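Have a look at the structure below, then the notes.
The values are calculated or read from the model by the stated rules, or taken from the named source; none is laboratory data. What you see is a predicted model; the values in this text were computed from it and never measured. Please note: Cβ atoms are built from the backbone with ideal geometry, for glycine as well, and neighbour counts cover all protein chains shown. Please note that ligands, DNA and RNA were not included when accessible areas were found on the heavy atoms of the full protein model with its side chains. Shrake-Rupley method; radii C 1.70, N 1.55, O 1.52, S 1.80 Å.
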Amino acid sequence: MQAVKSRNTKPEKIVRKILSAAGYRFKLNRKDICGCPDIVFASRRRLIFIHGCFWHGHSCARGARTPKTNTAYWTAKIKRNRLRHLKVLRVLRKQKWSVLTIWECELKKDNLLQRLRNFLNGGKVGIHGGRKR
Ligand SMILES: [Zn+2]
C-alpha cells in the first residue's frame, strides 16, 4: 500500500546509475531528437524512454489505477500520452533508432541490467549472437 508518492528516487536516475556503473556513456534528454528521449546512446543509435506506469497507462496494477477525482481529465491525458509516444516511436523507427521503453514497475526486477545490456549490445548477448565486429 503506497499511499504517498515518493519522488526522491526518480526512475530515470535509477536507470542512469545502473548504466554508469556498468560503464556505459550516454547523453540525457536530447531535445533535438523526437520525443526527447530520457537516455541517448548516439553512437550506438539507441534510445531509452523510462515511462511512469500511471502517466502512460501501463497494464500493471499502478497503471490501471484511476484517480477518483477528475477521472475524465486523467483518462484523456493518459490516452494522449500513449498516442503521442506511439507517434514518436514511428518517427524514431523511420530515423533508424532502436528504442527501449522501460516501465517504472520494471525497475525493481533483477534482470534490468541484463535487459539494458542486451539492448545496447544489439543482441550480442542473446541467442542469435550475431556479432558485427
Ligand atoms: Zn507498470
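In segment 100-123, is there at least one residue being more than 18 Å from Lys17 (Cβ to Cβ), open to solvent by less than 50 Å² (accessible area, probe 1.4 Å) and among the hydroxyl-bearing types (Ser, Thr, Tyr)? Yes, because at least one residue in segment 100-123 is more than 18 Å from Lys17 (Cβ to Cβ), open to solvent by less than 50 Å² (accessible area, probe 1.4 Å) and among the hydroxyl-bearing types (Ser, Thr, Tyr). With respect to Arg84, determine if the residue is among the charged types (D, E, K, R), in a helix (DSSP H, G or I) and more than 15 Å from the ligand (Cβ to nearest atom). So Arg84 fits the description; yes.
Could you tell me whether any residue of segment 31-41 is open to solvent by 90 Å² or more (accessible area, probe 1.4 Å) and in contact (Cβ under 8 Å) with a residue 40 or more places away in the chain? Within segment 31-41 (the criterion being open to solvent by 90 Å² or more (accessible area, probe 1.4 Å) and in contact (Cβ under 8 Å) with a residue 40 or more places away in the chain), the answer is no, since none of the residues qualifies.
Does Ser59 meet the test of being among the hydroxyl-bearing types (Ser, Thr, Tyr), modelled with pLDDT under 95 and under 15 Å from the mean Cα position of the chain (by Cα)? Yes: the conditions hold for Ser59. Against the conditions (1) more than 18 Å from Lys13 (Cα to Cα); (2) at pLDDT below 95; (3) within 16 Å of the ligand (Cβ to nearest atom), Ser43 satisfies every one except (3). Within segment 95-121, take every residue that is in a helix (DSSP H, G or I), touching a residue at least 60 places away in the same chain (Cβ under 8 Å) and under 11 Å from the mean Cα position of the chain (by Cα) and give me the one that is farthest from the ligand (Cβ to nearest atom). Among residues in segment 95-121 that are in a helix (DSSP H, G or I), touching a residue at least 60 places away in the same chain (Cβ under 8 Å) and under 11 Å from the mean Cα position of the chain (by Cα), the one farthest from the ligand (Cβ to nearest atom) is Leu116. Applying the criterion of being charged (D, E, K, R) and within 26 Å of Ile14 (Cβ to Cβ) to the residues of segment 81-92, the residue that is surrounded by the most Cβ atoms within 10 Å (Cβ to Cβ) is Arg82. Within segment 82-111, being among the hydrophobic types (A, V, I, L, M, F, W, C) and either out of contact with any Asp or Glu (no Cβ under 9 Å at 6 or more places or on another chain) or at pLDDT below 95 (or both) holds for Leu83, Leu86, Val88, Leu89, Val91, Leu92, Trp97, Val99, Leu100, Trp103, Cys105, Leu107.
Number of residues in segment 52-77 that are more than 8 Å from the ligand (Cβ to nearest atom) and open to solvent by less than 30 Å² (accessible area, probe 1.4 Å): the value is 2.
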